[in-house]
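Okay, so here's the structure we're looking at.
The values are calculated or read from the model by the stated rules, or taken from the named source; none is laboratory data. Quick caveat: nothing in here was measured; it's all calculated off a predicted structure. A quick note on method: Cβ atoms are made from the backbone with ideal geometry, for glycine too, and the neighbour counts reach across all protein chains shown. We work out accessible area using only protein heavy atoms, side chains counted, and drop any ligands, DNA or RNA first. Shrake-Rupley method; radii C 1.70, N 1.55, O 1.52, S 1.80 Å.
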Amino acid sequence: MAEIICPHCGNPIYDDEALLCLYCGRSLRRKIGIMGKIKNFSPQLILTLLIAVVLLSFVLLMVF
């Protein structure tokens, strides 16, 4: 189990899935899940990937 230190009160949290501090109740600022990991990428990269997926799906729709 990893130890997470609360950025607000400084107490250690030993729960791997905790999003809120057990002592002060404030956010631990953890990025969990797909939406949390997407925020690490630049907006231009996300837009480029989105456009590529739309164009690829359109081409596949026209071919089949």
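Within segment 38-52, being in a helix (DSSP H, G or I) and not β-branched (Val, Ile, Thr) holds for PRO43, GLN44, LEU45, LEU47, LEU49, LEU50, ALA52. Residues that are assigned to a loop (DSSP other than H, G, I, E, B), out of contact with any His (no Cβ under 6 Å at 6 or more places or on another chain) and surrounded by 12 or more Cβ atoms within 10 Å (Cβ to Cβ) within segment 20-37 comprise CYS21, LEU22, TYR23, LEU28, ARG30, ILE32, listed in sequence order. Working carefully through the options ILE4, ILE38, ILE46, ILE34, find the one that is touching a strand residue (DSSP E or B) at 6+ places or on another chain (Cβ under 7 Å) and among the aliphatic types (A, V, I, L, M). So the residue among ILE4, ILE38, ILE46, ILE34 that is touching a strand residue (DSSP E or B) at 6+ places or on another chain (Cβ under 7 Å) and among the aliphatic types (A, V, I, L, M) is ILE4. Checking each residue in segment 15-64 for being among the charged types (D, E, K, R) and on the phi > 0 side of the Ramachandran plot picks out only ARG29.
State all residues of segment 1-19 that are in a loop (DSSP other than H, G, I, E, B), open to solvent by 70 Å² or more (accessible area, probe 1.4 Å) and among the aliphatic types (A, V, I, L, M); if no residue qualifies, say none. Across segment 1-19, the qualifying residues are MET1, LEU19.
Residue count for segment 23-44 satisfying the condition of being touching a helix residue (DSSP H, G or I) at 6+ places or on another chain (Cβ under 8 Å) and modelled with pLDDT of 75 or more: 1.
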